[in-house]
Structures are given as C-alpha cells and as structure tokens.
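Scroll down for the structure; my scribbles are underneath it.
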Amino acid sequence: MQLRKASALLIPMALLAAACGGDAETADGGGPVVVYSGRSEELIQPILDDFEAETGIEVSAPRYGGSDELALLLDEEGGSTPADVFISQSPGAVGFLEEQGVLAELPDNVLALVDEAVRDDDKRWVGISGRQRVLVYNTDQVEPTELPSSIFDLTDPQWKGRIGIAPGNGSFQDFVSLMRTQVGDDVVAEWLDGLVANDVQTYAKNSAIVAAVGRGEVDAGLVNHYYNYRAIDEDPNHKGLNHQLAVDDPGSVLIVTGAAILSESDNKTNAEKLVEYLLGESAQRYFADETFEYPLANGVEPSRDIPAAPFAEVGTVDFGDLGDSLASTRELIESAGLEG
Amino acid sequence: MLGRVLTNPLAGSARAGRTLNTGHTTAGLWLSEASVHIGGNPIVESASLDITPGTIVSLLGPSGCGKTTLLRSIAGLQRLSSGSITVGDVVIASDSVHLPPEQRRVGMVFQDGALFPHLSVADNVSFGLRGWAGSSDRANEVLALVDMAGFGDRMPGTLSGGQRQRVALARALAPQPSVLLLDEPFSALDAGLRLQVRRDVKKLITQIGITTIVVTHDQEEAFALGEQVAVMSQGAIHQVGAPNDLYENPASPWVATFVGEGIGLAGSFEGGYVSTAIGSLPARWVSASPKTAGASVIVRPEQLVLTAGGSAEVTDVEYYGHDVRYDVTLRDQSNVSVRSLSPEFKVGDRVDVNFVGTSVPAWPA
Amino acid sequence: MAVSHGRVPPRWMFGHAIVLAAAFLLPGLFVLIRTVGLGGDLVETLGDSLGPLGRTILLSTTVSVSAVVVGTGLAWLLVRTDLPGRRVLRVLVVLPLVLPSFVGAAAFLAAVAPGGPVHSVLGVIGVVPPRLSGLLPSWQILTLFTYPYVFLPVAARLLAIPPSLEESARLLGRTGRQAFFEVTLPQLRSAILSGGLLVFLYTVSEFGAVQLLRYDTLTRVIYSSRLSDRPTSFASASILILLAVIVVLVERNVRGSARVNERSERFTPASQPLGRWRAAAFGAVGVVILFGVAVPVSSLTVWAWRGIVGGRVNFSRLVMPAINTAFVGTLTAAVAVAVIVPLAVLVVRYRLRSSSAISAVVIAGFAVPGLVIALSLVSFAVNTPGVGWIYQTLPLLIVAYVIHFGAQAMGAAEDAVRAVPDKLRESSQLLESSALVRARRVDAPLMRPSLLSGGGLVLLSTIKELPATLLLAPIGFRTLATEVWGSYEDGRFAQVGVGGLVLISLSAVLTWFLVLKRSEAVVAA
C-alpha cells in the first residue's frame, strides 16, 4: 500500500518536472533522418523517397500532423525529440519554434540557394515553397472587368455580401500580420471594420472558401492561390478562377512554407543534406508542378499555368516577426467582430 | 369446447359471513371461445370458461401450453384473435372491443412481483389509487391485510422474496379490482417459503372473496389453491372441475397422468371389469360406452398394495418418510408404481400387486 | 439494492483506483501547471472569454437536451416496439457517432450547399436550403452526431427492464404513455443522465464542427491562441476543465443513488404493438437516419464517385490503416472496460466516497480536448525518469485513448455492476469455490449488455480520434482517421470520400459483431 501511494505521488511530481523542461546532449550520430512534417504525406513522401534513392541516406517514416500541433509537440518534447527536420506549412509554427529557441542555425550554402527575402535573418529557417494570396472568384457571377486591383476595394459597396474570408485561419492571420507592417494597425483595423460593415462572409478555411466560390455561395474570396488548382483537379467543372491583385498590394503577399533543423538533432549533417535537397531542382519542380506552389530556389520557374509572382516585389511574411505579432493580429481581427 | 358453469359450493349463504368489508364488488368472468394467434401460430384455441363471482380457479398446464397467454388476454396485455371475454356484464374483449388494461379493473401479480424499484412500498401500493380520497389509509389497510404493516417506508430492493410478493398482492388489491390474476406467483420463492406464502395468500383472497385466476404448472399448487381447476394443454382447455373431481374422473388419460401420478394399463373389457396384468379391475367408462373389447385404464399408486411372494419384482425403492414408493416389474415386463406406508420391501423382493381401490376410469383402447 | 456496508474491498482495488486517478488527473494537472508557469491569468481570461464560454454552455446544454430526447426515443422504438427492421436500424442509428466531426460536418455542409445532393434534391421542389452557420445548425448537427451516446446506454437499460413493470402500471390504471413516464423513465434515469452528461462533455470539447459552422465557443479560443498566446490558451483550457468538473459534480448530485431493479432471470422484452403509429414511428427513425447518416454519406459518396471516375482514388493505401484502426479500437475498448470495471465495483458495491470522486475525474476527462491529453502525456513520458521507453509506442497511445474515452465506459460499468445482485453473488460464492469461475459463470453474463454498450462507445470514439493519434502514434502507424484528415487538409475530397465510407463500414461491422450481436445473444438466451 505504502509503495503504491508513493508511486501515485511520483506522477504529479514528474509532471511538475516535465513542466520545467529538460535538456539533453546533442551529437552527430548519423543514421536515419527523422522528419516532422506539417506537409501531408501525399505531398512530401515522393521527394523523401527520391532523396533516399539518390543519397543513400535513410529517412524514417515522418510524423505527419498539423504544423501548429507539431510545433507544440516539438516544444513539449524539448531535448527528447527524435526529430531532426521540421517542415512547416504555416509561418506561425516556425516562428513559434524560433521564439522557443529550439531551432539550429542552417549552413550558409543552403541559405544561399534562395533569395534573402525568403530566408530567416538569423539563419533558423529557409523557405522551400511559396503560396500567394489571391482573390478567387466565380466565373459566372463576376465579370473580369469588375475585378479589383487592391484588397482595399473590397470594402466598396459593390462587393457587399459577396466576399468570403477565413479569419480564423493561419494564412489569413499571416497576411494581416504582414499588412500591419506595411500600412499600420490603424489602417488594418479600418479595413477589417469595413469588411464587416460590407457583410463579409466568414469560413473556416481556404478550401471551404474555394468550394463556396465554386458552387456560387459567395462570389469571391481571399485565399492562397493553389487551393483553386486542386479544386479544378478534383472537379473539372469547378467554376472558380484566381485573380492576382496588384503586385505591391498587401493582398498579393507571398506566404512562405519552410524547413528548419532542430537544435537537439543528433544527425545534423544528414538533416542539412535533406534540407538542401528540398531546395534542389527536382524537389522544387515537384512543388511547382504537383502542388501548384511557387518554387523558391533561385532559377526555378513556377508551373506554366501559374502567373509569375516576383517575390522581390511582392511582400513576404517574415517568420521571425510572426511569433510576436500574431497575438496582436488576432486581437485586431477579433475586435473587428470577426472570430479570430 | 362448450362453456362450463363452475359453481362455488360455498357461494350464497356461507359467503356473506366470511367476506371482509373492504368495499369489494367482485364480478364473474366469462370466456367464450377465446382464441389468441401470435404470428400466425395458434397459442390459445377456443378457450371457454364460466367463473361465478368469488371463485378461485387454477389454470394448470405444462409450460408453453398457452395458460399465461390466456391470462394476459384477460388482463388486456394480449389481444384476442376471436371469441370474447366478459367481466360482470361488461364485454372487455371481443372481435370489436379491446378495452385497454387500465380500464379493465383487473389486478395482477406477476411471477417476479414487478414492484417499482424506484418507489417505496407505500408508494407502490398507492400507485393504483390515484384520485382516491384517503389513498394512504387504503394503502395502510391493504398492507396490514398482507401482514406488511410498518413496511411502507422500505424500498422494494430491501425486501425478501416472500415480502415482495405480499406487497405485490397488496398493490394489486388496493384499487379493489373485480378480478385478480396471479401468474405463477410463488415460483420465484424458495420451497419452504412458498408453502407459507401460498397458505397466507389463499386465506386472504378467500376472505376477500374476489374472483381469482391462478396460473401454475404445479399440480399440487393448483389443487391447493383452486376451488376449481382448469387443465390446459396445447392451447386448449381440456377439463374443468373441482380438484377431487379431476383426480377421480379425469376426462382423458393425459389429464389423468398430468393431475397426479397415474399408471396406464391396457386390458380387455369384460362385464364391468377390465382385465389387466395386475388382475381384473372394476371400471367406469369416462366417455361413450364401449364399442370394442379393448380398453385402457388409469390406476393411482395408492390404489395398489404389495404382498410378499409372487411373480412381480421390486426394482426400485424411494423412501419419503411419510410413505414409500416402489417400482415393480410385472411378469409381462410392464412397470407399475405402488405407494405404501411401510418400507417393508427392498429391491429384488418377489411381490404380488393387489388392487384395493373402488374403481378405475377406463377408455376404449 | 443490497449494499456491502462495512465490507472492505481487496487492497489491489485501492491501488488500481489510485493509479487510475493519477492517470486521469494528468491532463488537468498539466494544464494547471502550464497556466501558472506561463503566467496565464484565469480571472482575466475568464473576463475576456465570457462570450465564448456562454456560447459553449448554451450549445452544450441544448445539444444535451435534444440528444437525450432523440436517443431515448429511438431506444424505446427500437427495443420496445414491433417496428419492422429494428435489428438493422439498431446498427444504423449508431453510425453518426463514427465520423470524425470535421468530416461529418464538412460532408453535411457540402450536401446542403449548392451543388450538393440535398441541395439538388430540394431544388427540384423549389426549396433553397439556407447556408448553415451559427447556433441553430451547430445545435442540430451536433445533436445528430451525439445522440448515440444516449441511445446505446438507454437501449441497454431497456433490454434489462422487465416488461412486467410497465404492464403492472397499465393494470393499475395508467395509459401506455403514463406507464412509460411514471415507471420506465425512472428506471432509465441513470442511463439517460450519464449519456446526457457524455453529450454535454463532448460538445464542450468539440472543435471541428463548430469551427466549420463558425459558432464561436471556448475551444476556438484554445485553438486559435495555441501558438500565438499560450497563457490565454492554457487558461481557457483550465476554464473548460473547471466547467466540466462542475457539470460532472452537478450531475452526480442530481442523479443521487440510482435504484435499479435486481434481476437474475433473462427474458425477451415484450414488443409494444405500434398499430397505426407504425408509419409515424418509422418516419421518425427515418428522419434521424436520413440526416445523421444518409446526408453525410451522400456527400462522401459523391466525392468518392468523382474520384473513382477520375481514377484518383488509391484503395490500397487504406488497407493498413483499416487494419490498424480495427485493432487499436478493439484493444482500447477492451482495456478501457477492464480498467474501469474495478473502479465501478468500488463505487457501486462499496460506495466509497473517494472512489466516487475518482469516477467523477474519469468522466470529466472526456471534456479535455484530445490535443491537451496528447501534450500532457508527451510531457509526462519525456520528463519522467524511467518511463521514457513508453514514448512513441502503442501503449502510450492506448493510455491516451483510455484517458480520453474512459468516461464512456464508466456509466455503463456502474450499470453492469448494479446488474449483479449482491444476494446472487453471496449465494453463488457458496457454490463456486473459485472467484474466477464465479466471475465468468455468474457475473459476466449479467454484466455483459451494459459492458458491451460501454465498450462499444469507446470503440467507436477511438476509431475516429485524431489529435492524440497524430501526435502519439508510433511513427508510421496510420489509422483511417489520420488518412481521412490528411486527404482533407490537402483538399483531396475523393480520397476523403472513400476513406470516410470505409470508416463508416468498418464501424458498422465492428458494432454489429462485437457489440449488438453479443448483447442480443445474451438477451435472447
């Protein structure tokens, strides 16, 4: 009995210890690379297989999940994480981990593969693909001539009740964060209020907006560009088409998905090789052609269906800033009466 | 089958003196050609019964014979397929009428008591007294009748099996039903308890003088409780009569063996006697007079005695204390049972079997 | 009901209960420690999230009430009446439970939206369904997804109540309806309350459906601030857990000590003839199945069909996940029942105050979001000396499932223990020398219907669980839920449709063979 009581006490105590965090040794052990991927199996496994075949470096089956959930997992795991590489779909997740100080510095030769606009100033992450914010519209219900050139036009009465947004979604919040750095909080707040006053329709996520636009539930919506290509791929009769806003408009921002190496990784050399491979020609082509994203490595062109988006000109979301600013972005969105 | 009039030998002058003054107005019950078919299968076929007010009738039959279904159709828990049921002068079930159970003024005690587990004993008993003035007085009154005064605050889960059945009876009697139905009410009780509860219940319902039908598969119980006994098998009522009448004058060999131990013997008819393996027996014809010489008779074990020496052999002895049962193999290799008061023989003894009764019922073979 | 006052339970039961309590307290402790550690301010968070909290309470309350009505009504119709086809219907009505809520809600929305099957059908008669969002559709859809939590335990109870109770009430002057409300309903009380409580706690922790239907509840605060504002996220989770604990305690008070009739005989309940109500009853069951099963299934089928026609469906991908799902679901259900029954014995038979508190903790665990349970177990496993080996293994995943869904076995286990009368135990103790033989021959058959219904709930919940599976499963261990989620995130709806249909079929098969068929066999014996 005594023993059982003691062991029962141990558990909360251990939990207390858990909450204080732990630490572990790091080394360069070699062996298989462990990947935590916020990008789904369908969209990343072929590249990992190619990497294994070409380099002979083993990659164990990744842990797949939502980028944000995986970031929380990595944070809880701390020094005990088996992960070497983290591939994130959302800038917020990488920003969060950078803030927690669990990401390692990337080597300069890897960072040099991309434009400095799409890599971390502190060398903790590198962009591997880009998603542009666009206005998707229903071809039956919107005339090409009436399409706006700026998101600020969407508060105009002619768009009353016709626009869909996903205020709770990470990509919308990333986009608002960037917009704040460009035009300031007051203008952003005014714009959000204008949207609400203009009876903006809210959805849970990008794919829901694209589906709603396709079936004509709303006329147009602010989304990431590639969802519409997938929708067409699923249903050839899909009625949605992407519209790029002006290149200098906050509505045209490029959102970067990135890769990072964990500072606790005991397999850094191979991990670096994997990240380098993600920026190589074949992986970048895969992103461009299979997932309709923008390749970020210098010299790789987007798929021919997709209009160019020169990221030197369009704004990009800086992962590093997001960690701090997301909370206030959410407050801004919520104070406009939208569900952040 | 034709309806039979069951008469209570004690009805009339004697009744008034032993009826409790509890406001009961009991009624007669008349079943006319009642049939119940379930899923196309005949469960009860053309059952007819005529019960005079205040009579206790046992409905006796093997399990699956349809007796419970018949009881449930009287309660209104089962629809009649044809025929009719009348209580007093009200037709409660027929081709065109199906009075719901709650309007039949029929009380019923189930095998398991079916006390409401969430209600106290007192609340169980007053359950049927909604709208009565002085319902709690009435509840106490019937609880006292069943010897359960003072148990009103107890929950059913804390009662013994016998106590539960007493409360179930009190609950059924409380709203003064015209007819009381008991469905194997003592079968869930231990053997020792069963006898006591049975005696108490019989005393009580006789005192109240309510028309009662008891369903049982136990012949002893049917005889002990019923002033009249109706024997059922395979959905039909085969015979109705007072217990001694059934025992002595069974309508068929099947009834004879079902209502008591009976030894079937074959023989030939000769001038008022049937000649069998145990000798020539005085016979009385139950159905029509014989057209053939062949006959079968039923002999009760207590109508036989054994004497030492003879052509038969004792093959088994069962000692019961108050009497002894012998299995005896006759010379022609047929077997008979004999009841005797004294354990004078043992297995292997040579004996002679002698008939000591007055007569045996006989049927054409 | 006979109670073992003064009897002392075996020591191992105490030890077991203490370990169980520690495990189920883990997520709550984790959240509290994190809230304090990160400097979260409960009072301030509460002040900021009064709106979402109020909506959580409003939605959970209304959903619980309607799920109780629908679940109890269906149970009565499908157990106690002569409704044709009720054996098949008993399987069908359980199915709304099996779709992960994000798939279920998405399929439902797609069906009702323009271009969806329901919209097309209604369009023929000129009806345009409105866009679904807010409280009303959230309430309706969650009712459809949660009433099985009430249906299963109530149906199990109904199978165990002797028909003679209702019949006695009829003969004592009550109409059929009065007999149901005055006699049968009180017998169902504990099953209804425990089922309703599960619905309430499920709705409290629900995120997928309310997110899609844009009804802003407390879980939205927890999820949307999980990276950007962790103090608020954890403080909101603390508030959610406090709400769950309060509701569990209130329910315990309201329920009081349940009085269930003791029965040792088995019997087949009588069928109430529906007569002229048959068509109406059939219609009512049909409407529930139409909206709870047929509507989402129609969307899944449309998606799957488009993909099959377009050659974009990969069936072989689903084979291993289907096997994994069936395996881990069955194992979890068995483990959950096995660890919960001893606690139920302490609660029901020995009536220990402390064991009652532990069972409240077990039940409240159902309201903790799966993500929080997963993170708390990660934290425990990687930071506790000596238990690191369990991290990234199947046992830890099953521990997470049991903590998450043990509540669903708790009420059923208590009912099961009540079904074994103490008298019967004592008399059989004299006859059977071995406790094991007694448990198998005497106790098990009586406990079986309730245990199977509890285990069935755990099974169905486990096979659709997502967040804990994603974070805790051994790397490479894929389930149907994770497959469907992956496809859904990518917008590959064809694969979502096929995966969803496989999930539903697998659940139907498992429910039939492991739960319904066995409990019926017992009743019919």
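Bear in mind that the values in this text are calculations on the coordinates, not laboratory data. Computed from a prediction, not measured in an experiment: that's the story for all the values here. Virtual Cβ from ideal backbone geometry, glycine too; neighbours counted across all protein chains shown.
Find which of C:Leu352, A:Val188, A:Ser90 sits farthest along the positive direction of the dipole of the protein assembly as shown, computed with +1 on the beta-carbon of Lys and Arg, -1 on that of Asp and Glu, about the Cα centre.
It is C:Leu352, whose Cα lies furthest towards the positive end.
What helices does chain C hold that run 24 Å or longer along their axis, going by alpha-carbon atoms, with a Kyte-Doolittle average of 1.6 or more, using DSSP H for the helix calls?
C:319-348, C:493-510
R0 = 51 Å: FRET efficiency of B:Glu261 with C:Trp305, Cβ-based, nearest 0.05?
Efficiency, rounded to the nearest 0.05: 0.10.
Can you pull the mean other chain C-beta count within 10 Å for peptide A:60-70?
Mean number of neighbouring Cβ atoms from other chains: 6.
Using +1 on the beta carbon of Lys and Arg, -1 on that of Asp and Glu, and nothing else charged, what's the dipole of the protein assembly as shown about the Cα centre, debye to 20?
7060 debye
Nearest 10 degrees is fine. How inclined is helix B:191-208 to the longest principal axis of chain B, computing both from alpha carbons?
60 degrees
Relative to the longest principal axis of the C-alpha atoms of chain B, give the angle of the C-alpha long axis of helix B:161-173, reported between 0 and 90° and rounded to the nearest 10°.
Long axis of B:161-173 versus the principal axis of chain B: about 60 degrees.
For a Förster distance of 41 Å, can you work out the FRET efficiency between the beta-carbons of A:Thr55 and A:Ser150, rounded to the nearest 0.05?
Efficiency computed from Cβ-Cβ geometry: 0.35.
Exactly which trypsin sites (Lys or Arg not before Pro) in segment B:92-180 are in a DSSP loop and have at most 16 other Cβ atoms within 10 Å?
Here the trypsin sites (Lys or Arg not before Pro) that fit, given the DSSP loop and packing criteria, are B:Arg130, B:Arg154.
Where does the charge balance sit around C:Pro100 when Lys and Arg score +1, Asp and Glu -1, over other residues with C-beta under 14 Å from its C-beta?
Residues near C:Pro100 contribute -3 overall.
Roughly how many nanometres apart are two label points built 7 Å out from the Cα toward the Cβ at B:Thr315 and B:Ala149?
Each label point is offset 7 Å from its Cα along the Cβ direction, giving 5.8 nm.
Compute the long axis of helix B:135-145 from its Cα atoms, compare it with the longest principal axis of the Cα atoms of chain B, and write down the angle in degrees, 0 to 90, nearest 10.
20 degrees
With a cap of 12 neighbouring Cβ atoms within 10 Å, and only residues DSSP puts in a loop, list the trypsin sites (Lys or Arg not before Pro) found in segment A:211-306.
Hits after loop and neighbour filter: A:Arg304.
Pop a pseudo-label 7 angstrom from the Cα along the beta-carbon direction at both C:Arg252 and C:Leu58 and give the gap in nm to one decimal.
In this crude label model, C:Arg252 to C:Leu58 measures out at 3.1 nm.
Given the C-alpha centroids of segment A:131-190 and segment B:344-364, what is the distance between them in whole angstrom?
111 Å
For A:Asp115 and C:Val65, what does the FRET efficiency come to when R0 = 45 Å and r is the distance between their Cβ atoms, rounded to the nearest 0.05?
0.20
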